[in-house]
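Reading through the C-alpha coordinates given below for one structure.
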Amino acid sequence: MAQLSGKVAVVTGAGRGIGRAVALRLAEAGAEVIVNFPGEVGEAAHAAGVVRAIQEAGGKALAAEADVSDADQVARLFDTVASEAGQVDILVNNAGICPFQDWWGMTEALWDRVAAVNLKGTFLCSHRASQMMRDRGAGGRIISMSSISALVGGALQTHYTPTKAGVRSLMQSLAIVLGPYGITCNSVMPGSILTDINRAHYEEPGLRARDEARIPVGRLGAPRDIAGAVAFLASDEAAYITGADLLVDGGLFVNLQ
Ligand code: RM4
(Lines give C-alpha, C1' and ligand atoms only; values in the text may rest on other atoms or scores of the structure.)
Protein backbone atom coordinates (compact mmCIF):
# COMPACT_ATOMS: atom_id res chain seq x y z
CA MET A 1 0.00 0.00 0.00
CA ALA A 2 1.36 3.48 -0.88
CA GLN A 3 1.62 4.53 2.74
CA LEU A 4 3.83 7.48 1.93
CA SER A 5 1.92 9.00 -1.00
CA GLY A 6 1.92 12.77 -0.79
CA LYS A 7 5.09 12.74 1.31
CA VAL A 8 8.48 14.17 0.30
CA ALA A 9 11.54 12.30 1.50
CA VAL A 10 15.13 13.57 1.45
CA VAL A 11 17.67 10.73 1.53
CA THR A 12 21.32 11.73 1.87
CA GLY A 13 24.03 9.64 0.25
CA ALA A 14 21.31 7.94 -1.81
CA GLY A 15 23.27 7.08 -4.94
CA ARG A 16 24.63 3.80 -3.67
CA GLY A 17 24.32 1.15 -0.98
CA ILE A 18 21.89 1.58 1.88
CA GLY A 19 20.89 5.09 0.77
CA ARG A 20 19.98 3.81 -2.69
CA ALA A 21 17.89 0.99 -1.25
CA VAL A 22 16.13 3.41 1.11
CA ALA A 23 15.36 5.85 -1.73
CA LEU A 24 13.89 3.06 -3.87
CA ARG A 25 11.87 1.64 -0.97
CA LEU A 26 10.38 5.01 0.07
CA ALA A 27 9.50 5.72 -3.57
CA GLU A 28 7.87 2.27 -3.76
CA ALA A 29 5.75 3.34 -0.77
CA GLY A 30 4.65 6.44 -2.70
CA ALA A 31 7.02 9.15 -1.48
CA GLU A 32 8.58 11.73 -3.78
CA VAL A 33 12.31 11.28 -3.16
CA ILE A 34 15.14 13.80 -3.23
CA VAL A 35 18.22 11.71 -4.00
CA ASN A 36 21.15 13.54 -2.45
CA PHE A 37 24.68 12.70 -3.52
CA PRO A 38 28.16 14.12 -2.76
CA GLY A 39 30.36 15.85 -5.31
CA GLU A 40 32.91 13.07 -5.73
CA VAL A 41 33.52 11.75 -9.24
CA GLY A 42 30.92 9.21 -10.34
CA GLU A 43 28.39 10.00 -7.65
CA ALA A 44 26.13 12.05 -9.96
CA ALA A 45 25.83 9.06 -12.28
CA HIS A 46 24.88 6.79 -9.38
CA ALA A 47 22.22 9.26 -8.26
CA ALA A 48 20.88 9.66 -11.80
CA GLY A 49 20.48 5.89 -11.96
CA VAL A 50 18.40 5.90 -8.79
CA VAL A 51 16.22 8.73 -10.09
CA ARG A 52 15.74 6.88 -13.36
CA ALA A 53 14.78 3.66 -11.59
CA ILE A 54 12.20 5.50 -9.48
CA GLN A 55 10.77 7.32 -12.49
CA GLU A 56 10.62 4.13 -14.59
CA ALA A 57 8.63 2.55 -11.76
CA GLY A 58 6.16 5.45 -11.95
CA GLY A 59 7.53 7.41 -9.01
CA LYS A 60 8.81 10.97 -8.62
CA ALA A 61 12.44 11.74 -7.82
CA LEU A 62 15.06 14.44 -8.13
CA ALA A 63 18.83 14.25 -7.73
CA ALA A 64 20.46 17.01 -5.67
CA GLU A 65 24.19 17.36 -5.02
CA ALA A 66 25.50 18.45 -1.63
CA ASP A 67 28.34 17.50 0.67
CA VAL A 68 26.35 17.19 3.89
CA SER A 69 29.34 18.35 5.95
CA ASP A 70 29.20 21.78 4.26
CA ALA A 71 26.64 24.18 5.74
CA ASP A 72 26.30 26.27 2.57
CA GLN A 73 25.72 23.18 0.41
CA VAL A 74 23.15 21.84 2.87
CA ALA A 75 21.37 25.21 2.82
CA ARG A 76 21.27 25.04 -0.98
CA LEU A 77 20.04 21.44 -0.85
CA PHE A 78 17.05 22.35 1.27
CA ASP A 79 16.40 25.51 -0.77
CA THR A 80 16.14 23.15 -3.74
CA VAL A 81 13.80 20.86 -1.79
CA ALA A 82 11.61 23.86 -0.91
CA SER A 83 11.52 25.20 -4.48
CA GLU A 84 11.16 21.86 -6.29
CA ALA A 85 9.06 19.82 -3.85
CA GLY A 86 7.61 22.48 -1.55
CA GLN A 87 8.10 20.49 1.65
CA VAL A 88 10.06 17.83 3.48
CA ASP A 89 8.18 15.19 5.47
CA ILE A 90 10.89 12.57 5.88
CA LEU A 91 14.64 13.10 6.28
CA VAL A 92 16.87 10.04 6.16
CA ASN A 93 20.39 10.95 7.31
CA ASN A 94 22.20 8.15 5.55
CA ALA A 95 25.35 9.80 4.17
CA GLY A 96 28.37 8.34 5.93
CA ILE A 97 31.95 7.27 5.37
CA CYS A 98 34.18 4.72 7.05
CA PRO A 99 37.65 4.45 5.51
CA PHE A 100 39.11 1.65 7.62
CA GLN A 101 42.29 2.83 9.36
CA ASP A 102 44.35 1.44 12.23
CA TRP A 103 44.78 3.62 15.33
CA TRP A 104 48.49 4.26 14.86
CA GLY A 105 47.91 5.53 11.34
CA MET A 106 44.95 7.69 12.30
CA THR A 107 45.39 11.33 11.29
CA GLU A 108 43.62 14.45 12.48
CA ALA A 109 42.50 15.09 8.90
CA LEU A 110 40.84 11.66 8.60
CA TRP A 111 39.29 11.96 12.09
CA ASP A 112 37.87 15.39 11.20
CA ARG A 113 36.53 14.27 7.81
CA VAL A 114 34.67 11.25 9.18
CA ALA A 115 33.22 13.36 12.02
CA ALA A 116 32.23 16.11 9.59
CA VAL A 117 30.34 13.82 7.22
CA ASN A 118 28.81 11.37 9.68
CA LEU A 119 27.94 13.54 12.69
CA LYS A 120 28.04 17.17 11.60
CA GLY A 121 26.25 16.24 8.37
CA THR A 122 23.44 14.69 10.40
CA PHE A 123 23.26 17.87 12.50
CA LEU A 124 23.23 20.23 9.51
CA CYS A 125 20.55 18.31 7.59
CA SER A 126 18.40 17.68 10.66
CA HIS A 127 18.58 21.35 11.63
CA ARG A 128 17.40 22.61 8.23
CA ALA A 129 14.79 19.89 7.70
CA SER A 130 13.31 20.28 11.18
CA GLN A 131 12.92 24.04 10.64
CA MET A 132 10.96 23.35 7.43
CA MET A 133 8.87 20.68 9.17
CA ARG A 134 8.20 22.99 12.16
CA ASP A 135 7.19 25.91 9.94
CA ARG A 136 4.86 23.72 7.86
CA GLY A 137 3.19 22.36 10.98
CA ALA A 138 2.51 18.89 9.55
CA GLY A 139 4.91 16.87 11.69
CA GLY A 140 7.64 14.76 10.16
CA ARG A 141 10.13 11.94 10.43
CA ILE A 142 13.89 12.18 10.95
CA ILE A 143 15.57 8.79 10.61
CA SER A 144 19.34 8.63 10.97
CA MET A 145 21.74 5.84 10.10
CA SER A 146 23.59 5.05 13.29
CA SER A 147 25.16 1.61 13.45
CA ILE A 148 25.96 -1.45 15.51
CA SER A 149 29.16 0.54 15.90
CA ALA A 150 27.29 2.82 18.30
CA LEU A 151 27.17 -0.17 20.67
CA VAL A 152 30.50 -1.88 20.07
CA GLY A 153 33.97 -0.79 19.05
CA GLY A 154 35.97 -1.46 15.93
CA ALA A 155 39.78 -1.62 15.91
CA LEU A 156 39.91 -0.09 12.43
CA GLN A 157 37.02 2.29 13.12
CA THR A 158 38.19 4.43 16.04
CA HIS A 159 37.21 7.52 14.06
CA TYR A 160 33.86 6.10 12.96
CA THR A 161 32.31 4.43 16.02
CA PRO A 162 32.14 7.67 18.07
CA THR A 163 30.26 9.35 15.21
CA LYS A 164 27.65 6.57 15.12
CA ALA A 165 27.21 6.76 18.89
CA GLY A 166 26.84 10.52 18.47
CA VAL A 167 24.20 10.16 15.76
CA ARG A 168 22.18 7.90 18.07
CA SER A 169 22.50 10.38 20.93
CA LEU A 170 21.55 13.34 18.72
CA MET A 171 18.33 11.56 17.72
CA GLN A 172 17.53 10.95 21.41
CA SER A 173 17.91 14.65 22.21
CA LEU A 174 16.09 15.81 19.09
CA ALA A 175 13.20 13.49 19.96
CA ILE A 176 12.64 15.66 23.05
CA VAL A 177 12.93 18.97 21.19
CA LEU A 178 10.83 18.00 18.17
CA GLY A 179 8.20 15.78 19.77
CA PRO A 180 5.88 18.74 20.42
CA TYR A 181 5.93 19.45 16.67
CA GLY A 182 4.88 15.91 15.77
CA ILE A 183 8.34 15.16 14.42
CA THR A 184 9.78 11.80 15.46
CA CYS A 185 13.54 11.20 15.52
CA ASN A 186 14.95 7.67 15.47
CA SER A 187 18.09 5.75 14.58
CA VAL A 188 18.56 2.61 12.56
CA MET A 189 21.63 0.57 13.51
CA PRO A 190 22.81 -1.63 10.66
CA GLY A 191 25.12 -4.51 11.43
CA SER A 192 27.51 -5.73 8.77
CA ILE A 193 25.79 -4.80 5.53
CA LEU A 194 27.73 -5.51 2.33
CA THR A 195 28.09 -2.25 0.40
CA ASP A 196 30.86 -0.21 -1.23
CA ILE A 197 31.77 1.13 2.23
CA ASN A 198 33.22 -2.27 3.20
CA ARG A 199 33.42 -4.34 0.00
CA ALA A 200 37.20 -4.04 -0.15
CA HIS A 201 37.45 -4.83 3.58
CA TYR A 202 35.56 -8.09 3.04
CA GLU A 203 37.90 -9.11 0.25
CA GLU A 204 40.45 -9.93 2.96
CA PRO A 205 40.64 -13.74 2.86
CA GLY A 206 38.48 -15.35 5.52
CA LEU A 207 37.02 -12.11 6.89
CA ARG A 208 33.60 -12.55 5.32
CA ALA A 209 33.38 -16.20 6.44
CA ARG A 210 34.46 -15.16 9.96
CA ASP A 211 31.77 -12.52 10.22
CA GLU A 212 29.03 -14.64 8.63
CA ALA A 213 29.80 -17.42 11.13
CA ARG A 214 29.01 -14.94 13.91
CA ILE A 215 25.69 -13.82 12.42
CA PRO A 216 22.79 -16.11 13.50
CA VAL A 217 20.89 -15.66 10.21
CA GLY A 218 24.08 -16.78 8.47
CA ARG A 219 24.72 -13.96 6.01
CA LEU A 220 25.95 -10.40 5.79
CA GLY A 221 23.09 -7.93 5.48
CA ALA A 222 21.94 -6.42 2.22
CA PRO A 223 20.86 -2.78 1.78
CA ARG A 224 17.26 -3.95 1.32
CA ASP A 225 17.32 -5.30 4.89
CA ILE A 226 17.77 -1.75 6.15
CA ALA A 227 15.34 -0.10 3.74
CA GLY A 228 12.37 -1.94 5.23
CA ALA A 229 13.20 -0.74 8.74
CA VAL A 230 13.45 2.84 7.49
CA ALA A 231 10.13 2.57 5.63
CA PHE A 232 8.46 1.38 8.84
CA LEU A 233 9.88 4.24 10.92
CA ALA A 234 8.76 6.67 8.19
CA SER A 235 5.19 5.33 8.25
CA ASP A 236 2.16 6.27 10.32
CA GLU A 237 2.58 2.95 12.17
CA ALA A 238 5.63 4.45 13.90
CA ALA A 239 3.92 7.66 15.07
CA TYR A 240 4.53 6.84 18.76
CA ILE A 241 8.14 5.75 18.28
CA THR A 242 10.70 8.47 18.89
CA GLY A 243 14.12 8.64 20.47
CA ALA A 244 14.41 4.93 19.71
CA ASP A 245 16.93 2.87 17.81
CA LEU A 246 16.29 -0.19 15.68
CA LEU A 247 19.17 -2.68 15.47
CA VAL A 248 19.13 -4.50 12.11
CA ASP A 249 22.08 -6.89 12.28
CA GLY A 250 20.93 -10.48 11.73
CA GLY A 251 21.51 -11.19 15.42
CA LEU A 252 25.22 -10.32 15.36
CA PHE A 253 25.17 -8.11 18.47
CA VAL A 254 23.56 -10.66 20.79
CA ASN A 255 25.77 -13.52 19.61
CA LEU A 256 28.74 -12.80 21.84
CA GLN A 257 29.36 -16.11 23.69
C1 RM4 B 1 29.43 -0.84 10.53
C2 RM4 B 1 29.96 -2.20 10.96
C3 RM4 B 1 30.31 -3.00 9.74
C4 RM4 B 1 31.24 -2.20 8.83
C5 RM4 B 1 30.64 -0.85 8.53
C6 RM4 B 1 31.53 0.01 7.68
O7 RM4 B 1 29.19 -0.06 11.66
O8 RM4 B 1 31.11 -2.00 11.74
O9 RM4 B 1 30.93 -4.22 10.13
O10 RM4 B 1 31.43 -2.93 7.64
O11 RM4 B 1 30.39 -0.18 9.73
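The values are calculated or read from the model by the stated rules, or taken from the named source; none is laboratory data. If you're wondering where the values come from, they're calculated on a predicted model, not measured in any experiment. Cβ atoms come from the backbone with ideal geometry, glycine included; neighbour counts cover every protein chain shown. SASA here: full protein model, heavy atoms, side chains in, ligands and nucleic acids out. Shrake-Rupley method; radii C 1.70, N 1.55, O 1.52, S 1.80 Å.
Data for the structure
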| read-out | value |
| --- | --- |
| Those residues of the range 1-46 which are of a type in the set (A, V, I, L, M, F, W, C), assigned to a helix (DSSP H, G or I) and under 15 Å from the mean Cα position of the chain (by Cα), in sequence order | 18, 21, 22, 23, 24, 26 |
| Residues of the range 30-83 that turn out to be touching a residue at least 40 places away in the same chain (Cβ under 8 Å), open to solvent by 30 Å² or more (accessible area, probe 1.4 Å) and of a type in the set (Val, Ile, Thr), as a count | 1 |
| Meets criteria (surrounded by 13 or more Cβ atoms within 10 Å (Cβ to Cβ), within 14 Å of the ligand (Cβ to nearest atom) and not charged (D, E, K, R)) for residue 220 | yes |
| Residues of the range 52-69 satisfying the condition of being outside any loop (DSSP other than H, G, I, E, B) and over 26 Å from residue 116 (Cβ atoms) | 52, 53, 54, 55, 56, 61 |
| Selected residue (only one of 157, 131 is open to solvent by 10 Å² or more (accessible area, probe 1.4 Å), within 16 Å of the ligand (Cβ to nearest atom) and either polar (S, T, N, Q) or farther than 29 Å from residue 236 by Cα (or both)) | 157 |
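Matching residues to (1) in contact with a strand residue (DSSP E or B) (Cβ under 8 Å, 6 or more places away or on another chain); (2) on the phi > 0 side of the Ramachandran plot; (3) in a helix (DSSP H, G or I):
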site	(1), (2), (3)
159	no, no, no
178	yes, no, yes
184	yes, no, no
189	yes, no, no
195	no, no, no
211	no, no, yes
226	yes, no, yes
231	no, no, yes
